Amino acid sequence: MNELPEITRFVAALPGFDVLTEAQTHAVATSMQIGYYRAGNDVLHVGSENKQLHIVRSGALELRNSEGDLVQRVAEGECFGFPSLMNHAPVRNQSVAIEDTLIYHLDGSVFNNLRRENAQFDTFFIRSLSDRLLAHPVATKLHGAADREVSQLITRLPVSVDASATIQQAAQKMVEERVSAMLVTDEGQFCGIVTDRDIRQRVVALGCEGQRSIRSIMSIDPVSIDSGALAYEAALLMMQKKIHHLPVLAEGKLVGMVSRSDFMRIETEHPLYLVNDIAKQTTVEGIISACQRLPALIASQISTDANGEQLGKFVTTITDSVTQQLCRIGESELGAPPCAYAWVAMGSQGRQEQSARSDQDNALVLDDKTVAADDKYFAALAKIVNDGLDACGYVYCPGDVMASNPKWRQSLRVWKQYFTNWITVPEQKALMHANIFFDLRCVHGEARLVDELKASIREDASKNEIFLALMARNAMAFQPPLGFFRQFVLERSGEHKNTLDIKLHGIMPLVEIARIRALAAGEMRISTRNRLRAAAKAGEITKTDAANLIDALDFIEKLRVEHQNRQMHAGLKPDNHLSPGEMSPLARQNLKSAFAQVRVSQAALLNRFHIA
Amino acid sequence: MNQVLLTLQRWRALRRSGDAVFRTFIEQPIPAPGTLFTDAELVCMDIETTGLNPKTVDMLSIGWVLIRNSKVDLATAEAHIVKPNGGVGHSASVHGLTDTMVSDGIKPSEAIERVLGVLAGRVLVVHHAGLDKTLLDRICRERYSEKLLVPMIDTLALEHRRRSRHHHLGENISLRLPDLRQHYNLPWYRGHNCLTDAVASAELLIAMVAAREQHQKTTLADLY
């Protein structure tokens, strides 16, 4: 009599679980583990492996992404952890209890068995997964699949045949039009569907004559969907009805047909599917070949209505997965690491602001317990990852800021010392380093090492006005030009003659303002927009200034995205060199005000640190 | 109970007892008091009885669940109906077990044998241990001529000690299982089902440990 009435009753009423049979519910209730988490404690860490579905029995949690942004609140009766479980991918969000919380942990194998046994249960979680993907900041507009309307999936006008045609005529038309399914109409009204399979099963296999009417073998009144429905609804419908083709109707009129392969096609455009694919690779060659899809994927994301921030997160998400998987492959080749370590991304990857063209900046932070002999291991690991990244298209850092450089492969203690030196003895070289290294983010391994380093940097930097002042002066090196033709700083010679480096003159000054303001506010946020928001919150800059600068950055990045889109369509390699002629008058005007905003903020920064 | 004394008593009992089941139970050493809570295996137990006097009552049902890695493992949840010597009497109104239901139950001696099986090498956890432990001792003595010699955590006594240390012990403070659970933000469970109560006390214990300062370093000795 191992009945657990309280737990069974709770499970049976859970959304998604309410479709389980009594026996399945009982199996769930008697296989779970119960854990208790005090407010402030973590349940899952970003990047870790998750083997369980987590059901909140009482209390509440927050899911936050690696930048600390709130993704979702989870309360009693809600689940989390299913995306990593269903995609076999590392955990993407940190889950922190915000109240004292009791959690039922359901083993992943039990969960996946239930999905196989019970289609409704499976459907519920597939739907929740799409909802979660949509809620994910990367995916809000950078969609491939789930939130598109079905009508957007239709690639051609519907191919149809009149019901009076013979089987042979219909089959001939299918061959001509190269389709595997065709709609049948009766006086213009849609009345049935006929597929390759129908012809195979209902004609050829039975030895029927080809001269009979198509009407005799078609499926009458097939399932259809409205053109305004969402793509994932179409996918679900096809799954549930076990069909491969779905006619699409707009106000009752046939407008086209979608097939499972249409859905697959856009599904594979979704960044998370590539991430998933990369996470499955066990060899460097496998990752390289998965990355071949990246340029096309970026091109397709650029051509959707993506803005710079979303694109930056999208590209960085994929770089992060490549890095993580290379680290894992390194670990499996070299054995367990001799001590805890963190693989740290710097520069634009650190800020989650990579564009279509990025090289690698990275470093290794080792636990202080490390001994000299460990370096052999980490040198080998760094080589695997750096070489792998290069082979995947993230070319070696020209300044050698990579983990393979012994200088950037050090213990936490040495790293703290580096930063202290840069901050307290700010020579020109130190300031250059600071610009790269202050944008650090843990991509793989022990995040606590990076957190500790950041805490120590914050302590040092926010108190050191001289250092910040020198950084501010340094940030003046590249000023955005004011007028277009007269004062725009155009390259005077070479490959990029008469173009403007929009990254150097537009984006970098903004990134630097944000970095210095955030440091002055004692904030260790890393992405530029988050730095500006945090600085505004701390009162270091006004809310209006922050909003204006973010607008300026949005606009400049949008111009860059459009420019790179044009280049990729023309078969060119994307770069940052914008020619004045390719901008509309309105875009020029907007760019001018964006630049003006940056200049005002640069001036304010000089004032703030009393630099004339 | 003092763990040194317990070890001594177990050693004496081992020399005296000839029963194979009891010897197997005793031969499995008890976990060292310095064992971390998260490394130990604990058995949370609850018993429904015919009344309140441990010298005369009969056991009607017994349920338990294990705590491992600081988690309550529901796969280990187990409960048994026990056939009493006498009738269920008025107690049926409390736990809902009727004479018909318990007539198919296992014998108390069989129940204690299973209890020894699950407790070997583990720690017993009971909320308000007085009645349940005395009853288990009595049945154990009837069957093996020895008390149930096992290390034990009483969640009620533990909370009582904690609160008197922090002077939080007002006159109106209730240490009943449902009230303590509410204090730790645990959900309300319908009581008087031995397995539900066992799970309820198990959840309470992991919550109490999580609430301790430096809870990762909590040892069994901190909880006895």
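Once phi is turned into θ = phi - 60°, what whole-Hz ³J(HN,Hα) does the Karplus curve with 6.51, -1.76 and 1.60 give for every residue of region B:31-39, x standing for Gly and Pro?
x, 4, x, x, 4, 5, 3, 5, 8
Distance check, please: which entries in A:LYS173/A:LYS253; A:LYS383/A:LYS503; A:LYS51/A:LYS383 exceed 25 angstrom between their Cα atoms? Walk me through the intermediate numbers first.
On the way: A:LYS173/A:LYS253 22 Å; A:LYS383/A:LYS503 29 Å; A:LYS51/A:LYS383 31 Å.
With Cα atoms farther than 25 Å apart: A:LYS383/A:LYS503; A:LYS51/A:LYS383.
Please list the radius of gyration and Dmax for region A:377-431, considering alpha-carbon atoms only, with Å as the unit.
13.4, 38
If you look at just the Cα atoms of chain B, how large are its Rg and its Dmax in Å?
17.4, 50
List the lysines whose Cα lies under 30 Å from the Cα of B:LYS83, skipping any in the same chain that are fewer than 8 positions away.
B:LYS55, B:LYS107, B:LYS133, B:LYS147
Would you kindly give the portion of the calculated P(r) for region A:269-461 that falls above 30 Å, as a percent of all Cα pairs?
Distances greater than 30 Å cover 19 percent of the Cα pairs.
Check each of the trypsin sites (Lys or Arg not before Pro) in region A:299-394 and keep only those in coil by DSSP with at most 13 other C-beta atoms within 10 angstrom; list them in order.
Values: sites: A:LYS313, A:ARG328, A:ARG351, A:ARG357, A:LYS369, A:LYS376, A:LYS383; in loops: A:ARG351, A:ARG357, A:LYS369.
Sites meeting the loop and neighbour criteria: A:LYS369.
Which aspartates and glutamates have a Cα less than 19 Å from the Cα of B:LYS217, not counting those fewer than 8 places away in the same chain?
Within the straight-line limit of under 19 Å, B:LYS217 reaches these aspartates and glutamates: A:ASP42, B:ASP39, B:GLU41, B:GLU159, B:GLU203.
Please state, to two decimals, what the Cα-based radius of gyration of region A:40-82 comes to when divided by 2.2 N^0.38 Å (N = residues). Walk me through the intermediate numbers first.
On the way: Rg = 10.3 Å, N = 43, 2.2 N^0.38 = 9.2 Å.
Output field value: 1.12.
Using a 10 Å cut-off around each Cβ of peptide B:66-75, what is the average number of partner chain Cβ atoms that fall inside? All intermediate terms of the calculation are to be shown ahead of the outcome.
Numbers: counts 0, 2, 1, 2, 3, 7, 8, 5, 13, 7.
Per residue, the average neighbour count from other chains is 5.
Could you compute the FRET efficiency for B:ARG212 and A:LYS173, with r as their C-beta to C-beta distance and R0 at 60 Å, rounded to 0.05? Intermediate values should be presented prior to the final figure.
Details: r = 76 Å, r/R0 = 1.27.
Plugging the Cβ-Cβ distance into 1/(1 + (r/R0)^6) gives 0.20.
Quick check: convex hull of the Cα atoms in region B:70-116, volume per residue, rounded to a whole Å³? The partial results should precede the final answer.
Working: hull volume 5.1 nm³, N = 47.
Taking the convex hull of the Cα positions in region B:70-116, it is 109 Å³ per residue.
Report, in deg cm²/dmol and to the nearest 500, the calculated mean residue ellipticity at 222 nm for the protein assembly as shown, where each DSSP H run with n ≥ 4 adds -39500 (n - 2.57) and the sum is divided by the residue count.
-14000 deg cm²/dmol
In µm²/s, what is D for region A:277-349 at 10 °C and 1.306 mPa s, where D = kT/(6 pi eta Rh) by Stokes-Einstein and Rh is the Kirkwood radius from Cα pairs?
Values: Rh = 13.8 Å.
Stokes-Einstein gives a translational diffusion coefficient of 115 µm²/s.
Evaluate the Kirkwood expression for the hydrodynamic radius of region A:5-135, namely the inverse of the mean inverse distance over all pairs of different C-alpha atoms, and round to one decimal in Å.
Numbers: mean 1/r = 0.0677 Å⁻¹.
Its Kirkwood hydrodynamic radius stands at 14.8 Å.
What is the diffusion coefficient of the protein assembly as shown in µm²/s, taking the Kirkwood radius over Cα pairs and the Stokes-Einstein relation at 10 °C with a viscosity of 1.306 mPa s? The partial results should precede the final answer.
Working: Rh = 31.9 Å.
It diffuses with D of about 50 µm²/s by this estimate.
Could you list which residues have their amide H under 5 Å from that of A:VAL71, counting only those 5 or more apart in sequence or on another chain, with H placed in the peptide plane?
It is A:LEU63, A:ARG64, A:ASN65, by chain and number.
Convert each backbone phi in region B:184-195 into a coupling constant with the Karplus relation 6.51 cos²θ - 1.76 cosθ + 1.60 (shift: θ = phi - 60°), then list the ³J(HN,Hα) values in order as whole Hz, x for Gly and Pro.
Karplus-based 3J(HN,Hα) across region B:184-195 equals 9, 6, 9, x, 7, 10, 5, x, 6, 10, 4, 6 Hz.
Search the structure for amide H atoms under 5 Å from the amide H of A:ASP439, placed 1.01 Å from N in the peptide plane, and list their residues when 5 or more places away or on another chain.
Counting only residues 5 or more places away or on other chains, the set is A:GLY347.
Given just the C-alpha atoms of region B:23-63, how large is their convex hull per residue in cubic angstrom?
137 Å³
Can you pull out the GluC sites (Glu not before Pro) in region A:153-200 that DSSP calls coil and that have at most 15 other Cβ atoms within 10 Å?
Working: sites: A:GLU176, A:GLU177, A:GLU187; in loops: A:GLU187.
Qualifying residues, ordered by number: A:GLU187.
Provide Rg over Rh for region A:150-266; use the alpha carbon set for both Rg and the Kirkwood Rh (inverse mean inverse pair distance).
On the way: Rg = 13.9 Å, Rh = 14.4 Å.
Rounded to two decimals, Rg over Rh is 0.96.
Kindly point out, ordered by number, any Cys in chain A whose beta-carbon has no other cysteine beta-carbon under 4.7 Å away.
Among the cysteines of chain A, those whose Cβ sits 4.7 Å or more from every other are A:CYS79, A:CYS191, A:CYS208, A:CYS327, A:CYS339, A:CYS397, A:CYS442.
When only DSSP loop residues count, what trypsin sites (Lys or Arg not before Pro) in region B:9-71 have their Cβ near at most 10 other Cβ atoms within 10 Å?
Here the trypsin sites (Lys or Arg not before Pro) that fit, given the DSSP loop and packing criteria, are B:LYS55.
Given H placed on each backbone N at 1.01 Å, which residues far from B:THR219 in sequence or on other chains put an amide H within less than 5 Å of it?
B:PHE37
Output wanted: per-residue J couplings in Hz (rounded whole) for region A:164-172, from phi through Karplus 6.51 cos²θ - 1.76 cosθ + 1.60, θ = phi - 60°, x for Gly and Pro.
7, 5, 7, 4, 5, 4, 5, 5, 4
When 1/r is averaged over all different Cα pairs and the result inverted, which Kirkwood radius in Å belongs to region B:1-40?
Numbers: mean 1/r = 0.0892 Å⁻¹.
About 11.2 Å for region B:1-40.
If r is the Cβ-Cβ distance from B:HIS160 to A:ALA538 and R0 is 30 Å, what FRET efficiency results, to the nearest 0.05? Before the final figure, lay out the partial values.
Details: r = 46 Å, r/R0 = 1.55.
That pair, B:HIS160 with A:ALA538, gives E of 0.05.
Throughout, read-outs are computed from the coordinates displayed, never taken from laboratory work. Bear in mind the structure is a predicted one, so any value in this text is a computation, not a measurement. No Cβ is skipped: glycine too gets one built from the backbone with ideal geometry, and neighbour counts run over all protein chains shown.
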